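Asks: Before anything else, here's the structure in question.
The values are calculated or read from the model by the stated rules, or taken from the named source; none is laboratory data. Note that the coordinates shown come from a computational prediction; the quantities given were computed from them, not determined experimentally. Because the Cβ atoms are built from the backbone with ideal geometry, glycine has one as well, and the counts that use them run over all protein chains shown. Please note that ligands, DNA and RNA were not included when accessible areas were found on the heavy atoms of the full protein model with its side chains. Shrake-Rupley method; radii C 1.70, N 1.55, O 1.52, S 1.80 Å.
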Amino acid sequence: MNVTKILTPSDQVRVARVEKNRLFPLQLGDYPSLAAILALDDPLSVLQTITAEDPILIDDSIRWLPPIDNQEVWAAGVTYKRSQTARMEESEAAASCYDRVYEADRPELFFKATPHRVSGHGQPLRIRADATWNVPEPEVTLVLNAKLDIVGLTVGNDM
C-alpha cells in the first residue's frame, strides 16, 4: 500500500492512500498523525481499515508533502562508489578520511534535518546563499518506526 501526505486546495494537510492514478484522503479519526499510525505494531492493517474519502485524480495540481510529521531525518553517508570518487577529488585529507568510512563494517550515520527543513516533491529547495557546491544525490529513503522496523520507503534527494 502506498501512503502519502498532500496539501489540499484549502491548505489542509492530509494523509492519503495512493492507488494507481488516484488519491484517497483518509479520515484518521483516533490517530493524530501519520507518525502515530506508523508507530503501531501493524500500521498496514490499520491503514487498510481507515475510512477513505472520495478519490482525487492525480495531476499536476497535487501539492505533495514529505511523508513525515515530527520525525528527525537521519542519513547514511558515503554509500555510493561515485561519492567516494567525488570525495577523493575534493582533497587528499577528505579522501583518506572517507576511505576509512568506505572500509568500515557499518555505514556512517548522521543527523540530516528537522522535519520543517524537508521539501516534498515539487516544493522549493532551500540552499544556502553562500554555497558554491551542491550535488543532488537520489537516495532510497527508509521509513522507520520507533522500534526501528522498516515500515515503508520513498525516494529522497540528499543535497
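Asks: What aspartates and glutamates sit close enough to K147 to cross-link, taking a C-alpha to C-alpha distance under 13 Å and skipping anything fewer than 8 places away on the same chain?
Replies: Of all the aspartates and glutamates, those that pass the test against K147 - Cα under 13 Å, at least 8 places apart if same chain - are D41, D42.
Asks: Pull up the cross-link candidates among the aspartates and glutamates for K81, meaning alpha carbon to alpha carbon under 12 Å and not fewer than 8 places away within one chain.
Replies: Correct list for K81: D99, E103.
Asks: Here's something else I'd like to know. Accessible area per residue, 1.4 Å probe, Å², for the chain: what's the number? Intermediate values should be presented prior to the final figure.
Replies: On the way: 11220 Å² over 159 residues.
Heavy-atom accessible area per residue stands at 71 Å².
Asks: Against the longest principal axis of the chain, how steep is helix 92-103, in degrees 0 to 90 to the nearest 10, with axes from Cα atoms?
Replies: 60
Asks: Mind telling me which of D130, D54, D69 comes out most flexible in a GNM of the chain, alpha-carbon contacts under 10 Å?
Replies: D130
Asks: Also: Which percent of the accessible area of region 1-110 is formed by carbon and sulfur heavy atoms (probe 1.4 angstrom)?
Replies: 51
Asks: Further, regarding this structure: Of Q123, Q27, Q12, which is the most mobile in a GNM of the chain whose springs link Cα atoms less than 10 angstrom apart?
Replies: Q12
Asks: Then there's this: Can you show me the helix-derived [θ] at 222 nm for the chain, built from DSSP H runs with n ≥ 4 at -39,500 (n - 2.57) apiece and divided by the number of residues, rounded to the nearest 500. Walk me through the numbers on the way to the answer.
Replies: Working: 4 runs with 34 residues, N = 159.
Helices in the chain give a 222 nm mean residue ellipticity of -6000 deg cm²/dmol.
Asks: In degrees from 0 to 90, rounded to the nearest 10, what is the angle of the helix 81-90 Cα long axis to the longest principal axis of the chain?
Replies: 50
Asks: Do any GluC sites (Glu not before Pro) in region 1-80 lie in a loop, going by DSSP, with at most 14 other beta-carbon atoms within 10 Å of their beta carbon, and if so which?
Replies: E53, E72
Asks: Which of these, V13, V143, V135, has the largest mean-square fluctuation under a Gaussian network model of the chain (Cα springs below 10 Å)?
Replies: In the Gaussian network model the winner is V135.
Asks: Pull up the cross-link candidates among the aspartates and glutamates for K5, meaning alpha carbon to alpha carbon under 17 Å and not fewer than 8 places away within one chain.
Replies: E19, E53, D54, D59, D60, D69, E72
Asks: Which is the longest stretch in the chain that no exposed loop site breaks, taking sites as chymotrypsin sites (Phe, Trp or Tyr not before Pro) with a DSSP loop state and at most 16 other Cβ atoms within 10 Å?
Replies: With a cap of 16 other Cβ atoms within 10 Å, the longest stretch comes to 1-79.
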